[in-house]
Amino acid sequence: MSNVVFITGATSGFGRATARRFAAAGWALVLSGRRLERLEALRDELAAQVPVHIGALDVRDAEAVKQFVADLPEGFRNVRALINNAGLALAPVPAQKVDLADWHTMIDTNITGLVNVTHAVLPLLLQVGKGASIVNLGSVAGEWPYPGGHVYGASKAFVKQFSFNLRCDLQGTGVRVTDIAPGMAETEFTLVRTKGDQAASDKLYRGTTPLTAEDIAEQIYYVATLPEHVNINRLEIMPTRQAWSPFAIDRDA
Ligand SMILES: NC(=O)c1ccc[n+]([C@@H]2O[C@H](COP(=O)([O-])OP(=O)(O)OC[C@H]3O[C@@H](n4cnc5c(N)ncnc54)[C@H](OP(=O)(O)O)[C@@H]3O)[C@@H](O)[C@H]2O)c1
């Protein structure tokens, strides 16, 4: 029976690169995301290599998530790795200027969506037991505050603490949990954050060397395929050309 990896947000960025990475290693793929045409294109690309099951799924919809997992075909139920990757940042403006709907969308996707999927897939991971993995996509923003980070950073702090707490409860089951926390990586992330401003996205990544989706996919694959007695709790990854800044001080004019 093939090992199965279940990836959310497989239509772009880290998720799509992770699908390709696991396919290269012969894993069967369960790929989800909202954009069906992109899932179909990825299935067409990878189906000659490995079995692929796709589903248009909004992780915010708990009932749909539950049903999608319940309906997984027999060859796709041996889920050895869950990659909770679907997520987004919105509203790159100060908190006092944010549209409340954007805060709700981040909470609903990055927090509620992630727990919806975890709750639904956990029974399958427990059946595999030793060597199974949950890899949650956190962020450096979950550890380090920055202007405009508001709810996005807070949602990724949730991902970190939820990952650690899951480890406590899964003690003895063999299921591992990792919070992967990337720094700046060039994907569609900034395009989404700016609601389609390609120039702003290009500007952010110009003149430096961001991480690539493939860099993160490699790390995800690494933590999910370590010997079964090894659990990476948290992996924080930045581009070499990214680092922290000093504290901001408000001074009299
Ligand atoms: N790029 C970075 O700098 C960076 C750094 C740290 C952490 N991260 C995190 O890494 C993860 C992946 O981001 P990325 O950089 O690869 O961004 P991306 O290219 O925008 O990909 C995001 C993925 O999430 C999916 N998604 C968003 N909302 C969804 C929903 N409601 N239901 C299902 N799928 C949904 C999108 O698919 P659909 O739109 O088709 O649904 C897409 O496949 C996110 O959790 C992000 O917060 C990114």
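Structural remarks
- For the pair Arg241 and Ala199, the difference between a 0.36 nm per residue extended length and the Cα-Cα distance amounts to 13.0 nm.
- Among Ala28, Ala70, Ala56: highest mean-square fluctuation, GNM of the chain, C-alpha pairs under 10 Å: Ala70
- Percent of Cα pairs exceeding the 22 Å cut-off, where the set is segment 44-174: 44
- Inter-probe distance in nm under a simple model that places probes 7 Å from Cα toward Cβ, at Thr112 and Ala48: 4.2
- Computed about its Cα centre, the charge dipole of the chain is approximately 300 debye, with only Lys, Arg, Asp and Glu carrying charge at their Cβ.
- Given the chain, longest segment not containing exposed loop chymotrypsin sites (Phe, Trp or Tyr not before Pro) (DSSP; at most 13 other Cβ within 10 Å): 1-243
- Within the chain, the longest run free of trypsin sites (Lys or Arg not before Pro) that sit in a DSSP loop with at most 13 other Cβ atoms within 10 Å is 36-129.
- More than 28 angstrom apart: percent of Cα pairs within the chain: 30
- Across segment 152-177, the residues whose backbone nitrogen lies under 14 Å from the label position 7 Å along the beta-carbon direction of Ala25 are 176.
- Potential lengthening between Glu143 and Lys66 on full extension [0.36 nm per residue; Cα-Cα distance subtracted]: 24.7 nm
- Per-residue Cβ neighbour rank within 10 angstrom, fewest leading, Ile7, Ile237: Ile237, Ile7
- If you run the Gaussian network model on the chain, springs between alpha carbon atoms under 10 Å, then out of Val98, Val30, Val175 the most flexible one is Val98.
- Simple label model, 7 Å out from Cα along Cβ direction - Glu37 to Arg234, nm: 4.0
Read-outs: derived from the displayed coordinates by stated rules, not from any lab. All values derive from a computational prediction rather than experimental measurement. Glycine gets a Cβ as well: all are built from the backbone with ideal geometry, and neighbour counts include every protein chain shown.
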